[in-house]
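Take a look at the structure below.
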Amino acid sequence: MTGTIAVVMIFSIPIISILTFHQRRLAKIKHNMIKDEITLEKLKQENFLLETEKMKIELEQLKIENTIEKTNII
């Protein structure tokens, strides 16, 4: 009986170590994926703000052009 317990204890320690190492590696991979997703979301937000600003400028230019055309017609 004690021999069986000793064998189980001897073999369970490396198995637990391997499983723990694997879990840590998976956690690091998930951490890196989340960091990449956050970076991507920041870039998307920045791109959205830049496009919005560009559209505002184009709208202002169109308004100015329309007022110039109206004054030229009159």
Helix 2-73 vs. the chain, principal-axis angle (Cα, 0 to 90°, nearest 10): 0
Charge dipole magnitude, Cβ of K and R +1, D and E -1 - region 6-74, Cα centre, debye nearest 20: 620
Cα-based reach from Lys56 at 17 Å (exclusive), listing aspartates and glutamates while leaving out same-chain residues under 8 positions away: Glu46, Glu65
Those lysines that a straight Cα-Cα span of less than 19 Å connects to Lys35, excepting residues fewer than 8 apart in one chain: Lys44
Label selected from (1) 4, 17, 16, 13, 11, 9, 8, 6, 5, 4, 3, 2, 1, 0; (2) 3, 12, 8, 8, 7, 6, 8, 6, 6, 5, 5, 5, 4, 4, 3, 3, 2, 2, 1, 1, 1, 0; (3) 3, 19, 22, 16, 12, 10, 8, 6, 4, 1, the criterion being P(r) over Cα pairs in 5 Å bins from 0, in percent as computed here: (2)
Full-stretch length increase - Arg25, Glu58 - with 0.36 nm per residue and alpha-carbon distance subtracted: 6.9 nm
Net +/- balance of residues flanking Ile64 in space, Cβ distance below 14 Å, scoring K and R +1, D and E -1: -1
Furthest towards positive pole of dipole, Ile38, Phe48, Ile16, structure part the chain, Cβ charges: Ile16
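Rule-based calculations on the coordinates, nothing more; no lab input. Bear in mind the structure is a predicted one, so any value in this text is a computation, not a measurement. Cβ coordinates were reconstructed from backbone atoms using ideal geometry, including for glycine residues, and neighbour counts include every protein chain displayed.
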